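J.: Just passing along the structure, written as structure tokens.
The values are calculated or read from the model by the stated rules, or taken from the named source; none is laboratory data. A quick note: this is a predicted structure, and the numbers were derived from the prediction, not measured. Glycine also receives a Cβ, built like all others from the backbone with ideal geometry; neighbour counts cover every protein chain displayed.
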Amino acid sequence: MRVPVVSVDGKPLMPTTPAKARKLLRGKQAIGKRNKLGIFYLQMLRPVGDKVQEIALAVDPGSMFDGYVVASARETQVKGMALLPKGIADKMIRRSRLRRNRRSRNCRRRACRFNNRRRQKGWLAPSQKAKVDFRLKIVGELCQLYPIANIIVEDVKFKRHSKRLGKQFSTVEIGKTRVQEELKKLAPLTIVEGWETAEARRRYNIKKNYCRSALTPCSHANDAVAMLCRHFGRNVDSPTSFFVWGARVPVRRQLHKQNPQKGNVRPAYGGTTGKYGIRKGDFVEAKVKGKTVWGWACSFSDRQVGLADIRGRRFAIPTAKNVRLVHRRTVSCAEFNPTLKGRVSLGGIR
């Protein structure tokens, strides 16, 4: 396992071993930080050499989940899986419905626009744009930590007109051109066909879990490992940290809730400002029934704070006095250690 290192001015260098990282920290030659993906890295406090080896990034895109792996010619540096944003189209419909209802009342509202507006060139639907931006955000953060020399992406091709499940798969094809154009600006891009990935997986004996929603490296990250093995011509799979990244979709401020509450009152709803010094989406630690849990703040009441997991599902409502802020809101992530059983830390933060 390796620890990413950046220079004094933030230029990515070759990763180092955990033992060397501890030595640099004790000698005050570097400081430890975490990026928005929850990956721990070192920033040097003195100038060092900038000689690097070839490190490649592989991306396995999907309609609901993505796989990301960074590896060198000898071993894997980090594995990751992304939970793509969903439900954006439904939120746009609800927003439009509320806005039209406000036009019939004496409320603040946006003026009606013309119905013959033309879409600009390169326009993407909000549901697709959210996925494209999230993919580019993850790749951009990884390129800031590792000296990426090549980016490998699996091409998406599917006969959606003749297949029953083609409607869901078309969401990957819509934004793939935009993603590939942006990736070419970061590093040389290599396109790999799906059958080439499957062949490399069989050749190098890379395990594959066909349960797409499983939060394991075998579900999506190992496809990216197979692409890297094919790129380097040898098996580069090795034990390393595995992250699960999910987009924190903010709760936009609304004038009031959609349905009246008790007493025919519509209370204010939405926004990121919370209570007790905690905002919605912040990573917090809480005491629940004598156990310590970690999660993201998702709701507030008079004396309690709701906690959500990596998938956005609320699993605990502890008392506010038992909740402690760990990290301000960022890309939500869960870290798994392959050498230990179970989850080690949420959000990559101890």
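J.: How many of the residues making up region 213-238 are in contact (Cβ under 8 Å) with a residue 60 or more places away in the chain, more than 21 Å from the chain's Cα centre (by Cα) and assigned to a loop (DSSP other than H, G, I, E, B)?
T.: So the count comes out to 4.
J.: A further question follows. When you scan region 126-145, do you find a residue that is at pLDDT below 85 and farther than 16 Å from Asp66 by Cβ, even just one?
T.: Scanning region 126-145, I find no residue that is at pLDDT below 85 and farther than 16 Å from Asp66 by Cβ, so the answer is no.
Rundown of residues vs (1) modelled with pLDDT under 85; (2) in a strand (DSSP E or B); (3) surrounded by 14 or more Cβ atoms within 10 Å (Cβ to Cβ), yes/no style:
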| position | (1), (2), (3) |
| --- | --- |
| Val293 | no, yes, yes |
| Val305 | no, yes, yes |
| Lys321 | no, no, no |
| Arg329 | yes, no, yes |
| Glu335 | yes, yes, yes |
| Lys341 | yes, no, no |
| Ser345 | yes, yes, yes |
| Gly348 | yes, no, yes |
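J.: Identify, from the list Lys33, Lys28, the residue that is free of Cβ contacts under 8 Å to residues at least 12 places away in the same chain and of a type outside the set (Val, Ile, Thr).
T.: Within the list Lys33, Lys28, the selection yields Lys33.
J.: Let me ask you something else. Which ones in region 275-289 are outside any loop (DSSP other than H, G, I, E, B) and β-branched (Val, Ile, Thr)?
T.: Val284, Val288
J.: Tally the residues that are among the aliphatic types (A, V, I, L, M) and in a loop (DSSP other than H, G, I, E, B), restricting the search to region 174-212.
T.: Count: 3.
J.: Need the failing condition index for Val48 against (1) hydrophobic (A, V, I, L, M, F, W, C); (2) in contact (Cβ under 8 Å) with a residue 60 or more places away in the chain; (3) in a loop (DSSP other than H, G, I, E, B), just the number.
T.: (2)
J.: Scan Gly80, Gly10 and give me the residue that is at positive phi and among the small types (Gly, Ala, Ser).
T.: Working: Gly80 fails: at positive phi.
Sole residue among the options that is at positive phi and among the small types (Gly, Ala, Ser): Gly10.
J.: So, of the residues in region 146-172 that are at pLDDT 90 or above and in a loop (DSSP other than H, G, I, E, B), which turns out to be surrounded by the fewest Cβ atoms within 10 Å (Cβ to Cβ)?
T.: For region 146-172, the residue satisfying everything is Pro147.
J.: Has region 58-73 got any residue that is surrounded by fewer than 16 Cβ atoms within 10 Å (Cβ to Cβ), over 22 Å from Glu193 (Cα atoms), over 17 Å from the mean Cα position of the chain (by Cα) and not polar (S, T, N, Q)?
T.: No, region 58-73 has no match at all.
J.: Kindly list the number of the only condition in (1) over 23 Å from the mean Cα position of the chain (by Cα); (2) more than 14 Å from Ala71 (Cα to Cα); (3) surrounded by fewer than 20 Cβ atoms within 10 Å (Cβ to Cβ) that fails for Tyr210.
T.: Looking at each condition in turn, Tyr210 falls short on (1).
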